[in-house]
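S.K.: I have a structure here, written as structure tokens, and I will follow up with some questions on it.
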Amino acid sequence: MIDKNVDLKIFFKKSELIPAIVQDWQNGEVLMLAYMNEESLGLTLKTGRTWFWSRSRQELWNKGAHSGHIQVIHSIAYDCDEDTLLIKVDQTGAACHTGNRSCFYRELMNTDEK
């Protein structure tokens with residue numbers, strides 16, 4: 001159910017793009033971070049699948065449209081400042097363009113290592 005009382009413009013007061021953290025809805029794994037503009041957010045809400053704004057290509061992209069690695073939306077939450085989204089999805093295949101399930105497959109620091 002989409003909250004029809006929320007005006008999408010509130011998310012874009014500070015910037016034309018907002019970060020969207022994509023997380024596996026079942027296990028909480030962070031899959032990727034991408035950016036949305038008002039149009040991509042609208043398409044995401046309309047289709048139930050993720051749409052983003054490519055900063056490098058300067059165009060809309062529907063995650064998985066070419067690869068088949070689609071993201072079906074389970075929920076979208078927003079933070080207290082109304083400038084970041086948390087999108088929980090059912091991920092088909094890899095979320096990362098490298099072929100990895102998550103874009104966060106490399107570590108810079110890990111204090112658990114012995």
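S.K.: With +1 on each Lys and Arg Cβ and -1 on each Asp and Glu Cβ, and nothing else charged, work out how big the dipole of the stretch 38-95 is about its Cα centre, in Debye to the nearest 20.
M.R.: Once rounded to the nearest 20, the dipole reads 380 debye.
S.K.: Here's another thing I want to ask about it. Please give the helix 38-47 orientation as an angle from the longest Cα principal axis of the chain, in degrees from 0 to 90, rounded to the nearest 10.
M.R.: Its long axis makes an angle of about 80 degrees.
S.K.: Name the residue from G64, I87, A34 whose Cα lies farthest towards the positive end of the charge dipole of the chain, charges +1 on Cβ of Lys and Arg and -1 on Cβ of Asp and Glu.
M.R.: Towards the positive end, the residue furthest out is G64.
S.K.: So for each of 102-108, 1-7, 13-19 I average, over its residues, the number of other beta carbons within 10 Å; can you give me the resulting order with the highest mean first?
M.R.: Working: 102-108: 11.0, 1-7: 6.9, 13-19: 13.7.
My ranking of the peptides, most packed first, is 13-19, 102-108, 1-7.
S.K.: 5 Å is the cut-off here: which amide hydrogens, built 1.01 Å from N in the peptide plane, fall below it relative to T84, excluding neighbours closer than 5 in sequence?
M.R.: Placed amide hydrogens put D79 under 5 Å from T84.
S.K.: Right, next: Counting helices only, and only those DSSP H runs with n ≥ 4, report the 222 nm mean residue ellipticity of the chain as the sum of -39,500 (n - 2.57) divided by its residues, in deg cm²/dmol to the nearest 500. Provide the component values of the computation, followed by the final result.
M.R.: Numbers: 1 runs with 10 residues, N = 114.
The helix-only estimate for the chain comes to -2500 deg cm²/dmol at 222 nm.
S.K.: While we're on this one: If amide H atoms are built 1.01 Å from N in the plane of the peptide, which residues on other chains or at least 5 residues away come under 5 Å of the amide H of L31?
M.R.: Placed amide hydrogens put V22, Q23, D24 under 5 Å from L31.
S.K.: Separate question: Could you sort the peptides 72-85, 44-57 by per-residue average Cβ neighbour count (10 Å cutoff), highest mean leading? It would help to have the intermediate numbers written out before the result.
M.R.: Working: 72-85: 13.8, 44-57: 15.5.
Going by the mean number of other Cβ atoms within 10 Å, highest first, we get 44-57, 72-85.
S.K.: Same structure, new question: Take the eigenvalues of the Cα gyration tensor for the stretch 44-114, scale each by 5, and report the square roots as semi-axes in whole Å, largest first.
M.R.: On the way: eigenvalues 112, 64, 37 Å².
Equivalent ellipsoid of the stretch 44-114: 24, 18, 14 Å, largest first.
S.K.: Among all cysteines in the chain, which have no other cysteine Cβ under 4.7 Å from their own Cβ?
M.R.: When partners are defined as cysteine Cβ atoms under 4.7 Å apart, the chain leaves C80 without one.
S.K.: Stretched out fully, how many nm does the piece from Y78 to L33 gain, at 0.36 nm a residue minus the Cα gap?
M.R.: Separation in residues times 0.36 nm, less the Cα-Cα distance, equals 14.8 nm.
S.K.: Let me ask another. Please list, ordered by chain and number, the residues whose modelled amide H lies under 5 Å from the amide H of R49; skip anything fewer than 5 residues away on the same chain.
M.R.: HN-HN under 5 Å from R49: I73.
S.K.: Under 20 Å Cα to Cα from K13, which aspartates and glutamates show up? Leave out anything in the same chain fewer than 8 places away.
M.R.: Once the sequence-local aspartates and glutamates are set aside, what remains near K13 is D3, E38, E39, D79, D81, E82, D83.
Bear in mind that the values in this text are calculations on the coordinates, not laboratory data. Everything quoted here is computed from the prediction, not taken from an experiment. All Cβ positions, glycine included, derive from the backbone under ideal geometry; neighbour counts span all protein chains shown.
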